[in-house]
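One structure is given below, encoded as structure tokens.
The values are calculated or read from the model by the stated rules, or taken from the named source; none is laboratory data. As the structure is a prediction and not an experimental result, all values here were calculated from the model. Virtual Cβ from ideal backbone geometry, glycine too; neighbours counted across all protein chains shown.
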Amino acid sequence: MTSDQATPGKQGSTAMAVAISFSAIALCGVLAVGFVLAVGVLKAHHGGLWSVLAATAVFGLAVLAIALAAARLGQRAMRMTPSPAASRYARRFSAAMGLYVLALLAAITAEVQLRPVGALAYALAVLPALPLLAAIAAIGLYLREETDEFQRAVQVEAALWATGGALAVATVFGFLQTFGLAPMVPAWAVFPLWSMLLGPAQMIARWRYR
């Protein structure tokens with residue numbers, strides 16, 4: 001048991017800050033779905049490079065705004081004194097989102113201008129995923145570095161609940177797709193789904209620890 005555990009107010013503020021960060025990830029995922037749909041519409045109507053880049057820029061600015069807002073709200077929730085682990089997580093998450101925007105812009109520009117094939121096409125397709133993998137790694141690092149045993153236990157259990165929920169939804173939806181009863185959804189949508197399930201999962205975990 002750490003000293004933080006004996007301070008209910010600090011426990012609640014830390015939990016709020018982490019919940020804000022995870023909610024920001026979920027909202028970015030929703031925006032990503034809208035962005036993909038918008039680009040699809042632009043391509044279907046033969047939108048030019050500048051229209052696609054404009055949509056990408058709007059999406060990127062929205063993601064950065066969410067990341068900055070989440071960091072500020074998290075600081076307020078922590079009463080401007082976040083734990084070292086939470087501070088590091090906020091920095092890593094913001095950096096990952098910034099790199100994600102740059103990678104997405106670069107990949108889309110190259111795809112439209114160069115029409116790459118072969119290894120280059122694969123590299124450009126994977127490029128925007130790398131910063132998101134860094135965001136996932138930031139979550140794992142936070143869980144490893146958090147010194148408050150109670151907070152760590154809650155977040156680990158919540159992550160397990162969210163993982164189980166995401167696997168259940170993906171399994172059912174996959175069979176619906178197999179039988180032609182549901183539209184195709186890109187596999188990267190699993191991460192936003194997991195993030196959205198994490199909020200209710202945190203509530204369940206905290207209820208169990210009352």
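Assorted remarks:
- Close Cβ contacts (under 8 Å, 6 or more residues apart or on different chains) running from residues in the stretch 139-161 that are free of Cβ contacts under 8 Å to residues at least 12 places away in the same chain to residues that are part of a loop (DSSP other than H, G, I, E, B) comprise Arg152/Glu146.
- If you go through the stretch 162-198 and keep only what is without any contact (Cβ under 8 Å) to a residue 12 or more places away in the chain and in a helix (DSSP H, G or I), you end up with Gly164, Leu167, Ala168, Thr171, Val172, Gly174, Phe175, Leu176, Gln177, Thr178, Ala187.
- Filtered by the rule that a residue be more than 20 Å from Val36 (Cβ to Cβ) and loosely packed, with under 13 Cβ neighbours inside 10 Å, the stretch 177-202 gives Thr178, Phe179, Gly180, Leu181.
- Any helices (runs of 4 or more DSSP H) falling wholly within the stretch 38-157 and containing at least 2 residues that are closer than 20 Å to Trp188 by Cα and either modelled with pLDDT of 80 or more or of a type in the set (Lys, Arg) (or both): 84-114, 118-126, 129-145
- Filter result for Gln155 (over 19 Å from the mean Cα position of the chain (by Cα) and either crowded, with 19+ Cβ neighbours inside 10 Å or farther than 16 Å from Tyr209 by Cβ (or both)): no
- Test result for Trp207, free of Cβ contacts under 8 Å to residues at least 40 places away in the same chain, in a helix (DSSP H, G or I) and either loosely packed, with under 12 Cβ neighbours inside 10 Å or not hydrophobic (A, V, I, L, M, F, W, C) (or both): yes
- Listed by first and then second residue, the pairs linking a residue in the stretch 99-128 that is touching a residue at least 40 places away in the same chain (Cβ under 8 Å) and closer than 17 Å to Leu42 by Cα to a residue that is outside any helix (DSSP H, G or I) and among the small types (Gly, Ala, Ser), with Cβ atoms under 9 Å apart and 6 or more places separating them unless they lie on different chains, are Val112/Gly48.
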